[in-house]
1. At 0.692 mPa s and 37 °C, plugging the Kirkwood radius over alpha-carbon pairs of segment 1-139 into Stokes-Einstein gives what diffusion coefficient in µm²/s?
2. Which loop-located chymotrypsin sites (Phe, Trp or Tyr not before Pro) does segment 336-394 contain, where loop means any DSSP state but H, G, I, E or B and the Cβ has at most 12 other Cβ atoms within 10 Å?
3. Using the Cβ atoms and a cut-off under 10 Å, what net charge is assigned to the surroundings of I46, where Lys and Arg are +1 and Asp and Glu are -1?
4. Would you kindly derive the ³J(HN,Hα) couplings of segment 331-344 from the backbone phi angles with the Karplus curve 6.51 cos²θ - 1.76 cosθ + 1.60 (θ = phi - 60°), listing them in order in whole Hz, with x for Gly and Pro?
5. Could you please state, rounded to a whole Å, how far the C-alpha centre of segment 1-72 is from the C-alpha centre of segment 199-220?
6. For K44, which lysines qualify as cross-link partners when the Cα separation must be under 23 Å and same-chain residues fewer than eight apart are set aside?
7. Could you please state, rounded to a whole Å, how far the C-alpha centre of segment 294-310 is from the C-alpha centre of segment 247-280?
8. Can you give the FRET efficiency to the nearest 0.05 for S133 and V208, using r as the Cβ-Cβ distance and R₀ = 22 Å?
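What follows is calculated from the coordinates using simple rules that are stated; it is not laboratory data. Worth saying up front: this structure is predicted, and the values here are computed from it rather than measured. Don't worry about glycine lacking a Cβ; one is built from the backbone with ideal geometry, like all the others, and counts go over all protein chains shown.
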Amino acid sequence: MIAGIIRSSPGELELAGKSLVTKGELKTGIRLLIKSAREYEKQKRILDAARIYRYIGDLILSANPQALKDARPFLLKSAYYYLDILEREVEAEDPNLELLDEFCSNILRIFEILGEKNKFEKYAKEFAVMYKSMGDTQMKRKKIQKAIESYEAAYRYYKIIHDSAGIEDMASILLDLYGKGAEIFVAKKEYQKAGDTFFKLAFIVKDVFGYDEHFMELMENAGRNYERAGREWYADGNLYYTSKSFLSAEYSYLLAGNSQRTKLIGLNTTKMLYQLAGEYRKEGFMEELGDTLLMLAQSLFALDKLLEGLKTYKNLILEVEATLEHRYRIRKALLLYLAAKERSRNYLEFVEHMDFYAKREAYAQAIELAELIFETRYPEIKKGLQKVEGFSPE
């Protein structure tokens, strides 16, 4: 049977290998996956080869975290293939920023796993410079949105390696672009976009001044614009998007230290979400019910009703079943609540790191970051989450 599989295409070998791994036949599965990667190499399908070598390395480490020596050659091969593909994509006239980010993330993650700090910092710096250059090019072409996305990526990589000069340079550019963007959106009455821009602007300002009045003032502006967006949705009779915008307003006001507006908007939001949850439950719309219950839990957290929020989250698990994304979003909400409570720049940094992983659907890694805070500072929250999610013996 194996001999027949070995004569198959690389795609068939990949599927067969993964199937064997799922069945618990790890060694045989990995052998087929290696064969698959080599066939991809022969066919010059380098991206597929990079993906499979990374998968093999991760498999080896998940089976035995101490087997770094065995995983190393596969992970390194993957990293250098990703670098080759990255160089080609950068040379394209209109590079795909999402793909570039995926390649950069894979490369850095591999060197992080291997503990190669020098290479990690070297490539992070190169990626930052690369994105800065791309941003400059897009600005010359008057492609402002793509320029902003490039500068945001450069900013993120400078932050990863704590390059103060790079951070300052990118912060200055982004503050100017976000500031102008916010003004335009407000003038055009595009309140949702204005809220998003003020929210991003606040996070950049936080890096420059910390969690201070500058940050809080911008969060107040974000809250006001989200609230306006919510009122427009309400006038259109769309309760779901009203609740979504109001939830953003509630957290913006929370981070701004405006307890009065947080409470007022929060009470309206929870009322609408209870109504929506009832309607979705009645109609049997389970995916929508899960999302609504999650938002309801988040809204309750912002109102300082942690136990009630956790109880709502438990209902989500019992009625719908929580996904990794749900678990990430619930922890992000709790971290934002704690950041506002303690006016902690550090917690907001953790939220940004969580978002970085979540954008790539690496929810497990985002969850791990939040758990670090809960374990060291808020064991009662960790215990509450474990109990609700079924990981506690109690």
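1. 204
2. F391
3. Net of charged neighbours comes to +1.
4. The phi angles translate into 6, 4, 4, 5, 5, 5, 4, 5, 4, 5, 5, 9, 6, 9 Hz.
5. Between the Cα centres of segment 1-72 and segment 199-220 lies a distance of 47 Å.
6. Answer for K44, where 23 Å is the Cα cut-off: K18, K35, K77, listed by chain and number.
7. About 10 Å separates the Cα centre of segment 294-310 from the one of segment 247-280.
8. On the way: r = 23 Å, r/R0 = 1.05.
The calculated FRET efficiency here is 0.45.
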